[in-house]
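Here's the structure, in structure tokens; my notes come after.
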Amino acid sequence: MMEARYYEKTEEGAVCLLCPHHCRIKDAGRGICRSRKCHDGILYALSYGKPCALAVDPVEKKPLNRYMPGTYCLSLSCTGCNLSCRWCQNSDISQVAPEDVDSTSLSPEAVVEMCLYRGLPSIAYTYTEPFTWWEYMYDIAVLAHDKGLKNILVSAGYIEKEPLPRNSCGPPPPAKAPPMDACRRQRRNCPRRRKGRSPNGRTHDARPAQARKP
Ligand code: SF4
Ligand code: SF4
């Protein structure tokens, strides 16, 4: 367990400041994402160093269309998500607590070493919501950046401004945030798409297909 980096102590426990839910967590309680637990007024990131999914994927699967095409990335995930979409393809790991699934112990250094050993140019934080394991992602991303690897974030983007990664979509975050080289919001959750504008700037008709027929 690792102490969380964005929270404040309260009389009953702690309030998590990582995402807009701002969960007020009592002692021994957990936040909505199930990944953060309060103990004696300290908030812990429960899944730090415990990835539940590890794979080598084509970068196009992230899905990035024109970013380092033809290359492969080390895809990594811990349990947890701060949303609960009905269509979630990974609900068996996004909607459970860290102790509910098999996981392995892997330090950030070991993740970066593994990536270098296999000759992979990038690491993708994916499958669940990487922001619910922010501390682990941050430590890996900084090490990977220093070694010349690229960081790819696949996220629904439901996060507060301060921990928002550098170079991702959205308002400019502070330098403390982790470095990201590519960012892809999961399509249906992207607020800009819902408002009729896609992240690439093209207009997007949000009406159902039936309604768009002439
Ligand atoms: S990251 Fe988790 S614990 Fe923190 S505010 Fe969001 S849902 Fe709550
Ligand atoms: S945001 Fe992504 S990981 Fe989370 S519930 Fe929705 S589809 Fe699943």
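The values are calculated or read from the model by the stated rules, or taken from the named source; none is laboratory data. The structure presented is a predicted model; accordingly, all values stated were derived computationally and were not measured. Using ideal geometry, Cβ is built from the backbone for each residue, glycine included, and neighbour counts are taken over all protein chains shown.
Tabulated data
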item	result
Wholly within the range 14-73, strands (runs of 3 or more DSSP E) carrying at least 2 residues that are at pLDDT 95 or above and in contact with a Lys or Arg (Cβ under 7 Å, 6 or more places away or on another chain)	36-39, 42-45
Hits in the range 116-159 - residues which are within 25 Å of His21 (Cβ to Cβ) and either part of a loop (DSSP other than H, G, I, E, B) or of a type in the set (Gly, Ala, Ser) (or both)	Ala124, Thr126, Tyr127, Thr128, Glu129, Ala141, Ser155, Ala156, Gly157, Tyr158, Ile159
Selected residue (only one of Asp102, Asp40 is more than 16 Å from ligand 1 (Cβ to nearest atom), touching a residue at least 24 places away in the same chain (Cβ under 8 Å) and farther than 22 Å from Leu153 by Cβ)	Asp102
The range 51-70 residues that are more than 12 Å from Ser122 (Cα to Cα) and free of Cβ contacts under 8 Å to residues at least 60 places away in the same chain, paired with ones that are surrounded by fewer than 16 Cβ atoms within 10 Å (Cβ to Cβ) and aromatic (Phe, Trp, Tyr) (beta carbon under 8 Å, 6 or more apart)	none
Pick from the range 83-97, criterion of a type outside the set (A, V, I, L, M, F, W, C) and under 15 Å from the mean Cα position of the chain (by Cα), ranking: nearest to Arg30 (Cα to Cα)	Gln95
Residue check, Ser75 within 14 Å of ligand 2 (Cβ to nearest atom), under 16 Å from the mean Cα position of the chain (by Cα) and touching a residue at least 40 places away in the same chain (Cβ under 8 Å)	yes
In the range 1-23, the residues that are over 19 Å from Ser84 (Cα atoms) and in contact with a Gly (Cβ under 7 Å, 6 or more places away or on another chain)	Lys9, Gly13, Ala14
